[in-house]
Amino acid sequence: MYWYRKAAAQGNADAENGIGVLYDNGLAVHRNYHKAMGYYRKAAAGGYAAAMRNIGMLYLYGHGVAQNFPAAEAWFQRAIAAGDTGAKADLTWIRRAEAENLLSWVALAAVVTGAIWWLRRRLRRSSSNGPRIDSKTGLLRP
C-alpha cells in the first residue's frame, strides 16, 4: 500500500487501480467498495483498461453501488475499447444472463396465460348455479 500510494500520488493509473483492488478484496486493508470505486475511477480517467473492467464488476455484482447491468455493460465496453480482452467474456456473460432472464419472464407469462385459459374454460363448463364468465366483458358474473 505504501508504494502504491507513492505512485498514485504521482498520477500512476496502475497504482490507483492497485489500491482499488486492495480495497475491493480487503487485502491488507478493510474491504471498502466505495474507496475501491474511487480509486478505480481515478485509474479509469487515466485510461487504465483494467480499472474500467473493475468498475464494471462492481456494477455487475452491486458492490458499493446499486446493481446495474447497463452500467456494467457500458464499463465493459469501455474496457474492451481500451484493450482489455478479458472484459469481452464479462460482456458475453451479461448478455447471456439478460437473455435467460427474458426467457424466464416469457415462460412465466406462458404459464400464467395457460392457467387463466384453463380457469376460464373450467368456469364456463361449471353448473348453471355456479359463477360464469360474461362473454362480453370477460368478467365473472353470479
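The values are calculated or read from the model by the stated rules, or taken from the named source; none is laboratory data. Given the structure is predicted, the values throughout are model-derived calculations rather than measurements. Cβ coordinates were reconstructed from backbone atoms using ideal geometry, including for glycine residues, and neighbour counts include every protein chain displayed. Side chains are part of the model used for accessible areas, which takes the heavy atoms of the whole protein and leaves out ligands, DNA and RNA. Shrake-Rupley method; radii C 1.70, N 1.55, O 1.52, S 1.80 Å.
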Handout entry: Length released on extending from residue 85 to residue 68, taking residue separation times 0.36 nm less the Cα-Cα span
Key = 4.0 nm
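May I ask you to compute the full-extension gain from residue 41 to residue 112, defined as 0.36 nm times their residue separation minus their alpha-carbon distance, rounded to one decimal in nm? Before the final figure, lay out each step's value.
On the way: separation 71, 0.36 × 71 = 25.56 nm, distance 4.46 nm.
So the chain would gain 21.1 nm between residue 41 and residue 112.
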Practice task
Express in nm, to one decimal, how much length is gained between residue 2 and residue 25 on full extension, taking 0.36 nm for each residue of separation and deducting their alpha carbon distance.
Solution key: 6.6 nm
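Given the chain, what count of lysine pairs have C-alpha atoms under 29 Å apart, with each pair 8 or more places apart or on different chains?
On the way: 6/35; 6/42; 35/88; 42/88.
Lysine pairs, 8 or more places apart or on different chains, close enough: 4.
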Problem - Inter-label distance for residue 136 and residue 121, nm, one decimal - labels placed 7 Å from Cα along Cα-to-Cβ - result: 2.7
Practice task
Please work out the average accessible area per residue across the chain, using the 1.4 Å probe convention, and give it in Å².
Solution key: 66
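Using the Kirkwood formula over every pair of different C-alpha atoms, what hydrodynamic radius in Å results for region 1-65?
11.2
Ranked highest first by the average count of other Cβ atoms within 10 Å around their residues, in what order do 69-75, 22-28 fall? Don't jump to the answer; show the numbers that get you there.
Details: 69-75: 18.0, 22-28: 15.4.
Sorting 69-75, 22-28 by mean packing, highest first, produces 69-75, 22-28.
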Fill in the blank from the handout: Percent relative contact order for the chain, counting Cα pairs under 8 Å at least six residues apart, stands at 12
Exercise for the section: Could you run the Karplus curve 6.51 cos²θ - 1.76 cosθ + 1.60 with θ = phi - 60° over region 34-48 and give me ³J(HN,Hα) per residue in whole Hz, x for Gly and Pro? Expected result: 5, 5, 4, 4, x, 6, 4, 5, 4, 5, 5, 5, x, x, 7
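Sum up the charges of everything whose Cβ sits under 14 Å from the Cβ of residue 25, counting Lys and Arg as +1 and Asp and Glu as -1, but leave residue 25 out. Kindly include the intermediate steps, with their values, before the conclusion.
Details: positive: 31, 35; negative: 24.
With Lys, Arg at +1 and Asp, Glu at -1, the neighbours total +1.
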Practice task
Quote the Stokes-Einstein diffusion coefficient, in whole µm² s⁻¹, for the chain, based on the Kirkwood radius over alpha carbon pairs, a temperature of 37 °C and a viscosity of 0.692 mPa s.
Solution key: 177
